Amino acid sequence: MQTLTSSEATSKAKPAPSVTTPPTIYTGIAGDVVFLDEADQVETFWDEGAYVYLADLNGDGIVDPSEVVDKASATHVQTGVRLAGYYTSNFTLWAGKTNDAGNVTISNDAEGITITIDTNEAADIGEYHINVYTDQAAIPATRPAPGLSEYVMENLAADTVQIHLSFSELGGTIDAPYYFIMHTALTDDADANAVPSLAGETAYAAGNNPVFTGKGAWYYVVGYTAVAYYEPIIKELSDGGGDTYGWLAETAYGGNSEGDTGAAWWFYIDASDPAYNESTVHHIYAGQHLVEGAYLTYAKQQGKLSIVLGENMVLQNTTEAVKINGYDVLPAKRPPSGNFPVKLGYGASLESITVGTHAYLIVHLDVWVRP
């Protein structure tokens, strides 16, 4: 993977906008959350009159914002929310209008926007040309010349690239809408195993089943606005012993090896060494922090995984609280867990999960964590 900052790309003048109607603007599918650093998380406390009173109604040992009770019955109170991160938007990289050439992910943090272009086995990235607009009326109705794009990088021959654009250089704010025309010139995949190959094709990011209805050379436009992910701030009511924070919803990953973070953090189990020790204890990280007492063990020869949550973590009450996938080749970036083949819900046995024999395992959990 090749990671580039916008200062490393060639910046050129944006072509003058057309006054005619622009093409369809495609929005992406919401993906995983890119969490802010703990020090950067913003807390919003409500006025006391807006507090929500809570208790453990379903008896699962935790209190969440859905368990609303009257004040007299409350054991906890929600006093506000914490901005924990932002959802990513996922697009398809379409070559020759309708051929799937890979994925494009747009994400952001407090400083700017990150674009990740990731091709599949049909091709690699030869070069990219990206135009960014903060005003929908400025989007041209005909395809801008790639050579005049704002952000240009050539001679890449890369499977994956990342482009970081700060809000200051984009001239926008974190909550403003952004529009992108992403032109990618494709070249031969490094492994040269694709049949058929998409090398030589022009590709643009767009949503599902895009259709170009304009005149002249085809192209697509995508839109992105930051969508915040908030966690509740829940306090326990006490009779004089002092308030303590309640449990917090987190995304968790198990494993002692940290993945290439890119736009999203993750951990994985590395069992690729022929001398892999099946008694190895693999930590669990929630919100990027190690959870004391929580761990995994992977009996590779038997293809069995065991998960121990400990006293500081429980699964969220969902049908897909645990998602697991095995790989013979480690992914270059964190894969979307919604596609993982092994899924377990709240209340399922975690003692001996059949996962198969793999060099690498990615274990994603949706959990509540004691702070």
*Between Ile139, His164, Ser149, whose Cα lies farthest towards the positive end of the dipole of region 110-169 when Lys and Arg beta carbons carry +1 and Asp and Glu beta carbons carry -1, centred on the Cα centre?*
Ile139
*Karplus-derived HN-Hα couplings along region 113-122 (A = 6.51, B = -1.76, C = 1.60, θ = phi - 60°), whole Hz, x at Gly and Pro*: 10, 10, 10, 10, 9, 10, 7, 8, 6, 7
_Please give the charge dipole size of region 69-168, origin at the Cα centre, charges +1 on K and R Cβ atoms and -1 on D and E Cβ atoms. Round to the nearest 20 debye._
460 debye
*Just add up the charged neighbours of Asn90: K/R +1, D/E -1, any other residue whose Cβ is under 14 Å from the Cβ of Asn90.*
-1
*Which parts of region 99-135 would a label at Asn155 reach, counting a residue when its backbone N lies under 20 Å from a point 7 Å out along Cα-to-Cβ?*
124-130
_If you scale each eigenvalue of the Cα gyration tensor by 5 and take the root, what three semi-axes come out for region 166-234, rounded to whole angstrom and sorted largest first?_
32, 19, 14
_Ratio of alpha-carbon Rg to the 2.2 N^0.38 Å globular estimate for region 305-356, to two decimals, please._
1.23
*Between Asp37 and Thr225, what is the label-to-label distance in nm when each label sits 7 Å out along the Cα-to-Cβ direction?*
2.9 nm
*Figure the gain on full extension for Ala30 and Val329 (residue separation times 0.36 nm, minus the Cα-Cα span) and round it to one decimal in nm.*
105.0 nm
*Any chance you could run the full-extension gain for Glu311 through Asp260? It's 0.36 nm times the residue separation minus the Cα-Cα distance, nm to one decimal.*
15.4 nm
*Compute the accessible area per residue over region 125-169, keeping the other protein chains in place, probe 1.4 Å, unit Å².*
37 Å²
*Based on the mean of other beta carbon atoms within 10 Å per residue, what is the order of 213-219, 95-101, most packed first?*
95-101, 213-219
*Based only on Cα atoms, what Rg/Rh ratio does region 252-347 have, Rh being taken as Kirkwood's radius?*
0.93
*List, in order, the whole-Hz ³J(HN,Hα) value for each residue of region 362-369 obtained from phi through the Karplus relation with A = 6.51, B = -1.76, C = 1.60 and θ = phi - 60°; use x for Gly and Pro.*
10, 10, 9, 10, 9, 9, 10, 10
_Kirkwood Rh in Å, taken over region 60-197 so that all alpha-carbon pairs contribute_ = 18.1 Å
*Which whole-Hz ³J(HN,Hα) couplings does region 97-108 yield from phi under the Karplus relation 6.51 cos²θ - 1.76 cosθ + 1.60, θ = phi - 60°, glycine and proline marked x?*
6, 9, 9, 6, 10, x, 10, 10, 10, 10, 9, 8
*For region 38-110, projected area of the alpha-carbon convex hull averaged over all directions, nm²*: 8.8 nm²
*Output the Kirkwood hydrodynamic radius of region 116-252, Cα pairs only, in Å rounded to one decimal.*
18.2 Å
*Just the Cα atoms of the chain, one point each, no solvent: what log10 I(q)/I(0) does Debye give at q = 0.08 Å⁻¹?*
-0.49
*Residues whose placed amide H lies under 5 Å from that of Thr202, excluding near-sequence neighbours*: Gly96
*Span from the region 101-148 Cα centroid across to the region 25-42 one, whole angstrom*: 18 Å
*Any idea what diffusion coefficient region 128-187 gets from Stokes-Einstein, in µm²/s, Kirkwood Rh on alpha carbon pairs, 10 °C, 1.306 mPa s?*
124 µm²/s
_Counting only helical runs of four or more DSSP H residues, what would the 222 nm mean residue ellipticity of the chain come to if each run contributes -39,500 (n - 2.57) and the total is spread over all its residues?_
0 deg cm²/dmol
*Just how large is the dipole of the chain about the Cα centre, in debye to the nearest 20, putting +1 at every Lys and Arg Cβ and -1 at every Asp and Glu Cβ?*
1120 debye
*Of Tyr224, Tyr360, Ala203, farthest towards positive along the dipole that unit charges on Lys, Arg, Asp, Glu beta carbons give the chain*: Ala203
*asked:* Need one number: convex hull volume per residue for region 326-371, Cα atoms only, in Å³.
replied: 121 Å³
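The values are calculated or read from the model by the stated rules, or taken from the named source; none is laboratory data. Given the structure is predicted, the values throughout are model-derived calculations rather than measurements. Glycine gets a Cβ as well: all are built from the backbone with ideal geometry, and neighbour counts include every protein chain shown. With ligands, DNA and RNA removed, areas are computed over all heavy atoms of the protein, side chains included. Shrake-Rupley method; radii C 1.70, N 1.55, O 1.52, S 1.80 Å.
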